[in-house]
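For reference, the structure is listed below as structure tokens.
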Amino acid sequence: MTSTVLLAEDDRAIRDAVVRLLTLEGYQVTAVADGIQALAAVHKERPDVIVLDVMMPGIDGLAVCSVLRAENDRTPILMLTARVDTSDRVAGLDAGADDYMVKPFEADELLARLRALLRRALPVPVPADPPSARRDPYPLDDVIEVADLRIDPTARRVWRQNAEIALSRTEYDLLELLARNAGIVLDHSTVYDRIWGYDFGPGSKNLAVYIGYLRRKLELRDAPPLIHTVRGVGYTLREP
């Protein structure tokens with residue numbers, strides 16, 4: 001089935017280039033030039049994935065993302081930004097985006113990130129076999145607990161010290177991966193492959209930004225950190 005993409009980008013040259021790229025890859029693309037048109041298109045067409053430029057006239061990409069999340073629209077959102085500061089990227093994640101890319105970007109990386117977002121948005125198939133016959137190593141109804149962290153994979157909800165924590169799709173996927181491998185150091189390549197389906201290379205700060213954002217969300221007063229950096233290797237989640 002052809003996936004549908006809504007692209008909101010005010011730079012005509014970038015917009016036309018991305019439309020050509022995605023169309024050649026078999027996507028059905030709707031392209032608009034500002035945030036107002038983007039919201040109207042989402043409400044009318046319900047795309048499979050949304051690509052939003054941060055800086056647009058009128059309503060910018062951050063505002064569009066915030067409005068959609070406030071409406072409980074969970075369509076995967078990839079933000080495009082020319083800003084390289086971590087705080088600007090965090091603003092996009094805080095608005096509810098699932099991923100971000102810094103301009104200029106490589107075509108292959110854009111395609112890889114869209115594929116990863118679409119894979120994670122697929123509904124989980126209901127098994128025909130009874131629970132006792134399932135071979136899934138991660139039963140969906142098993143609650144994951146590490147120290148005072150509790151994760152419900154079925155509902156995709158997270159609590160720490162009984163306080164629920166709101167996470168984006170990517171944040172949740174990353175935390176669940178770390179929690180299911182608690183005490184094990186996961187290297188960067190493994191995490192990129194499992195979460196994004198693509199290794200962005202040693203120069204990418206994508207994973208570090210998400211780890212930092214997760215740490216801030218999990219941080220509680222007088223509570224020890226759960227996510228630890230193993231310098232030169234990767235990350236691990238473990239009990240204090």
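The values are calculated or read from the model by the stated rules, or taken from the named source; none is laboratory data. Since we're looking at a predicted model, the values are computed, not measured. So basically every Cβ, Gly included, is an ideal-geometry build from the backbone, and we count neighbours across all protein chains shown. Accessible surface is based on the protein model in full, side chains and every heavy atom, while ligands, DNA and RNA are left aside. Shrake-Rupley method; radii C 1.70, N 1.55, O 1.52, S 1.80 Å.
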What pairs come out if I take residues in region 1-14 that are closer than 16 Å to C65 by Cβ and pair them with residues that are of a type in the set (D, E, K, R) and open to solvent by less than 70 Å² (accessible area, probe 1.4 Å) whose C-beta lies under 8 Å away, six or more apart or interchain?
V5/D48; L7/R15; A8/D34; A8/D53; E9/R15; E9/D53; D10/D34; D10/D53
What are the pairs, 6+ residues apart or on separate chains, where a residue within region 156-183 that is among the hydroxyl-bearing types (S, T, Y) has its Cβ under 8 Å from a residue that is surrounded by fewer than 19 Cβ atoms within 10 Å (Cβ to Cβ)?
T170/R120; Y172/R156
Checking the structure you have, find out if any residue of region 187-206 is at pLDDT 85 or above and assigned to a loop (DSSP other than H, G, I, E, B).
no
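Yes/no per residue for (1) without any contact (Cβ under 8 Å) to a residue 60 or more places away in the chain; (2) over 19 Å from R115 (Cα atoms); (3) open to solvent by less than 40 Å² (accessible area, probe 1.4 Å); (4) more than 21 Å from the chain's Cα centre (by Cα):
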position	(1), (2), (3), (4)
A40	yes, yes, no, yes
R46	yes, no, no, no
V49	no, no, yes, no
S66	yes, yes, no, no
E71	yes, yes, no, no
R74	no, no, no, no
Sort out which residues of region 166-185 are crowded, with 19+ Cβ neighbours inside 10 Å and not in a helix (DSSP H, G or I), and write them in order of number.
L167, S168
Tell me, which residue of region 186-240 that is of a type in the set (S, T, Y) and more than 21 Å from A97 (Cα to Cα) is least open to solvent (accessible area, probe 1.4 Å)?
T236
Report yes if some residue within region 136-143 is surrounded by 16 or more Cβ atoms within 10 Å (Cβ to Cβ) and either modelled with pLDDT of 85 or more or within 22 Å of A97 (Cβ to Cβ) (or both); otherwise report no.
no
What number goes with the only condition from (1) part of a loop (DSSP other than H, G, I, E, B); (2) open to solvent by less than 60 Å² (accessible area, probe 1.4 Å); (3) farther than 30 Å from S66 by Cα; (4) at pLDDT 85 or above that A155 does not pass?
(3)
